[in-house]
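Q: Let me give you the structure first, and then I'll get to my questions.
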Amino acid sequence: LARRLHRYSRAEVQRLIKDGRVSLRERPVKAADRVGTGDRIVVRYPRREEAPPRYERLAVLHEDEWLVAVAKPGDLLSHPTDKILRGAATSILREQFRDAKLHLAHRLDRETSGVLLLSKDAATARALMDRFTNRRIAKEYLALARGRAGFERKLVELPLAREGGEIKVRQTVSQEGQPAATELRRLALGRDSSLILAAPRTGRLHQIRVHLAALGHPVLGDKLYTGAGAAYMKAVRRELTDGDLAELGAARQMLHAWTLRLEHPATGRTLTLKA
């Protein structure tokens, strides 16, 4: 469970078990209980006090009978977690579009801004899932990256895998990992930064961020992939200082989901969504 529940330490998982909040085969478990293939584990998270949502509505980029696309801010979760329920994009949008049964078509990291696509019915949701799974949706991101990139265009093909260290979500380049490819194009140079257009050919977790970091150009503000991730751990412990943010170059990661291009699942026409 400690490996699966990314926001909980071993001690916190042990507390959940001790408090009777974890069930296996419909009965409370002990930490030493063994799990078998096909077993279903139920975790009842404790309710936490939550601050009111920062946003009441999100800017709509496109809406029709089947789809909604919005501009997600760079300080908002795409979907709820055990700790944040009302302050997630899907929760806000279900209040904003009360007559629609919205389905999230894909996810953006909390600190990534840009186009977020949802469907209004189950059939359209399945069609979008098929398009994302089979790489039939073209995505372009804008990234402000550290340093002056020495390339104008570059195809990065570096396989990715979980790093396996203290930070459970951190990915790394590994020959044992899954194939990953990102097309990069340098759009502009700053004094010590670069504006990069990134088009992922595959959809691995944190792919653009890991590939840019591997080239020595981590995304400005990226706490997880700048260095060994010390800033990320400080952020988790709520110990980040203004000095840390100045060193990172931005208060959040400067990655923006700029464009989604797809064949509309109902009309068959090409739909280009841009934030």
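Q: Search region 159-201 for residues being within 15 Å of ALA145 (Cα to Cα) and part of a loop (DSSP other than H, G, I, E, B), and hand back the single one that is least open to solvent (accessible area, probe 1.4 Å).
A: Checking each candidate, the answer is GLY190.
Q: Of all residues in region 59-81, how many are over 25 Å from LEU5 (Cα atoms) and either among the hydroxyl-bearing types (Ser, Thr, Tyr) or open to solvent by 10 Å² or more (accessible area, probe 1.4 Å) (or both)?
A: Of the residues in region 59-81, 10 are over 25 Å from LEU5 (Cα atoms) and either among the hydroxyl-bearing types (Ser, Thr, Tyr) or open to solvent by 10 Å² or more (accessible area, probe 1.4 Å) (or both).
Q: If I filter region 202-238 down to residues being free of Cβ contacts under 8 Å to residues at least 12 places away in the same chain and outside any loop (DSSP other than H, G, I, E, B), which single residue comes out as most open to solvent (accessible area, probe 1.4 Å)? Spell out the reasoning first.
A: Going through region 202-238, the residues free of Cβ contacts under 8 Å to residues at least 12 places away in the same chain turn out to be 227-228, 230, 234, 236-238.
Add one more test, that the residue is outside any loop (DSSP other than H, G, I, E, B), and what stays is 230, 234, 236.
Values: ALA230: 68, LYS234: 57, VAL236: 89 Å².
Top of the filtered list is VAL236.
Q: Now a separate question. So is GLY164 out of contact with any Lys or Arg (no Cβ under 8 Å at 6 or more places or on another chain) and on the phi > 0 side of the Ramachandran plot or not? Explain how you work it out, then say what you get.
A: Values: out of contact with any Lys or Arg (no Cβ under 8 Å at 6 or more places or on another chain): yes; on the phi > 0 side of the Ramachandran plot: yes.
When the stated conditions are applied, GLY164 passes them.
Q: Please specify each residue of region 89-110 satisfying the condition of being over 21 Å from GLY203 (Cβ atoms) and hydrophobic (A, V, I, L, M, F, W, C).
A: ILE92, LEU93, PHE97, ALA100, LEU102 - these are the residues of region 89-110 that are over 21 Å from GLY203 (Cβ atoms) and hydrophobic (A, V, I, L, M, F, W, C).
Q: Would you please list the contacts, defined by Cβ atoms under 9 Å and residues six or more apart or on different chains, that run from a residue in region 133-149 that is closer than 17 Å to HIS106 by Cβ and at pLDDT below 95 to a residue that is surrounded by fewer than 18 Cβ atoms within 10 Å (Cβ to Cβ) and polar (S, T, N, Q)?
A: Close Cβ pairs (under 9 Å, with a partner that is surrounded by fewer than 18 Cβ atoms within 10 Å (Cβ to Cβ) and polar (S, T, N, Q)) amount to ARG135/THR202.
Q: Then there is this: Open to solvent by less than 50 Å² (accessible area, probe 1.4 Å), part of a helix (DSSP H, G or I), among the small types (Gly, Ala, Ser) and in contact with a strand residue (DSSP E or B) (Cβ under 9 Å, 6 or more places away or on another chain): is that true of ALA125 in this structure? So that I can check it myself, show each step before the final result.
A: Working: open to solvent by less than 50 Å² (accessible area, probe 1.4 Å): yes; part of a helix (DSSP H, G or I): yes; among the small types (Gly, Ala, Ser): yes; in contact with a strand residue (DSSP E or B) (Cβ under 9 Å, 6 or more places away or on another chain): yes.
Against the criterion (open to solvent by less than 50 Å² (accessible area, probe 1.4 Å), part of a helix (DSSP H, G or I), among the small types (Gly, Ala, Ser) and in contact with a strand residue (DSSP E or B) (Cβ under 9 Å, 6 or more places away or on another chain)), ALA125 qualifies.
Q: If ARG110 meets every condition in (1) at pLDDT below 90; (2) open to solvent by 90 Å² or more (accessible area, probe 1.4 Å); (3) touching a strand residue (DSSP E or B) at 6+ places or on another chain (Cβ under 7 Å) apart from one, which number is that one?
A: (1)
Q: Of all the strands (runs of 3 or more DSSP E) wholly in region 1-91, which have at least 3 residues that are within 30 Å of PRO265 (Cβ to Cβ) and in contact with a helix residue (DSSP H, G or I) (Cβ under 9 Å, 6 or more places away or on another chain)? Write out each step before concluding.
A: Values: elements: 22-24, 41-43, 59-63, 67-72.
Fully inside region 1-91 and qualifying: 67-72.
Q: Looking at GLU56, GLU65 in this structure, which one is within 19 Å of SER119 (Cβ to Cβ) and at pLDDT 90 or above? Write out each step before concluding.
A: Values: GLU56 fails: within 19 Å of SER119 (Cβ to Cβ).
Answer to the check: GLU65.
Q: Moving to a separate point now. Considering only region 128-140, state which residues are open to solvent by less than 40 Å² (accessible area, probe 1.4 Å) and assigned to a strand (DSSP E or B). Don't jump to the end; show me each part of the working.
A: The initial filter retains those residues of region 128-140 that are open to solvent by less than 40 Å² (accessible area, probe 1.4 Å), namely 128, 131-132, 137, 139.
Of everything in region 128-140, just one residue is open to solvent by less than 40 Å² (accessible area, probe 1.4 Å) and assigned to a strand (DSSP E or B), namely LYS139.
Q: Same structure, new question: Kindly provide the set of residues from region 14-33 that are under 14 Å from PRO46 (Cα atoms) and surrounded by fewer than 14 Cβ atoms within 10 Å (Cβ to Cβ), ordered by number.
A: Hits for region 14-33 are ARG15, LYS18, ASP19, GLY20.
The values are calculated or read from the model by the stated rules, or taken from the named source; none is laboratory data. This structure is a prediction, so every number in the text was calculated from the model and none was measured. FYI the Cβ positions are ideal-geometry reconstructions off the backbone, even for glycines, and counts take in every protein chain you see. Ligands, DNA and RNA are stripped out before the accessible areas are found, and what is left, the full protein with its side chains, is counted by its heavy atoms. Shrake-Rupley method; radii C 1.70, N 1.55, O 1.52, S 1.80 Å.
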